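Working notes, structure below.
A short reminder: the numbers here are calculations on the coordinates, not readings from a lab. This structure is a prediction, so every number in the text was calculated from the model and none was measured. Methodologically, a virtual Cβ is constructed for each residue, glycine included, from the backbone with ideal geometry; neighbour enumeration extends over all protein chains shown.
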Amino acid sequence: MMKEQHGRRRRKRDRETNHKERGGEGGGEEEPEQEEEEPEQEEEQQMRKLLKQREAEVEAERSRFRQQLTDSTRSQVTHTHTHTHTHTHTKRYQCVCKAVVFVQESADATEEHLRERVGELEEQVSRLRLLLAADQQQRAEFIQRSSRNSQQLLSLRHDLRDSLDAVTRRPIPSVLVSETQRLDRSLREEELRLSLSQS
């Protein structure tokens with residue numbers, strides 16, 4: 001475009017030179033002024049049109065650059081937000097994992113403590129059962145001995161009553177001696193039974 005403008009200016013100067021030469025010779029005619037002004041107006045219009053096109057192209061380029069800058073900024077913000085969200089989610093997941101491990105360890109420790117306590121209680125119950133069985137056996141033996149002693153006392157009481165009845169019916173020395181000897185035998189037999197039961 002600049003070359004075309006330069007060529008037009010050169011052609012204009014050539015026309016002016018030719019006009020002067022014709023006027024000096026006195027034989028030429030003047031060219032109309034309108035013919036000289038029309039190319040200049042067309043050239044100015046084309047320059048303005050070209051300038052507007054350039055301005056439109058520059059503005060379009062600026063708009064495109066602004067859009068790219070906006071998109072890039074949004075992308076960076078989105079990436080930062082995503083990275084932050086991911087980092088937060090990761091930290092939260094790590095905290096949850098630590099809490100789960102802590103709860104599991106606490107549960108294991110509690111379970112172990114409960115097992116030990118249950119073992120101790122079972123051992124105590126076993127000892128108490130043995131003691132109860134021994135006590136029941138002692139009670140049974142005591143009851144048996146008491147029953148035997150009661151029977152023996154009843155027997156002695158019967159013997160004593162019989163002797164008293166005999167002496168009462170016949171209050172003579174021979175009967176008294178005989179009943180006394182019989183009671184002595186009964187007492188010795190009872191003492192022997194007691195010694196055998198205690199051994």
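Distance between the pseudo-spin-label points of L176 and R129 (7 Å out from Cα toward the beta carbon): 6.6 nm. If you take the Cα centroid of the range 60-74 and the Cα centroid of the range 114-159, the two points sit 102 Å apart. Considering every alpha-carbon pair of the range 146-198, the percent of pairs per 10 Å bin, from zero through the bin containing the longest distance, is 25, 45, 23, 8.
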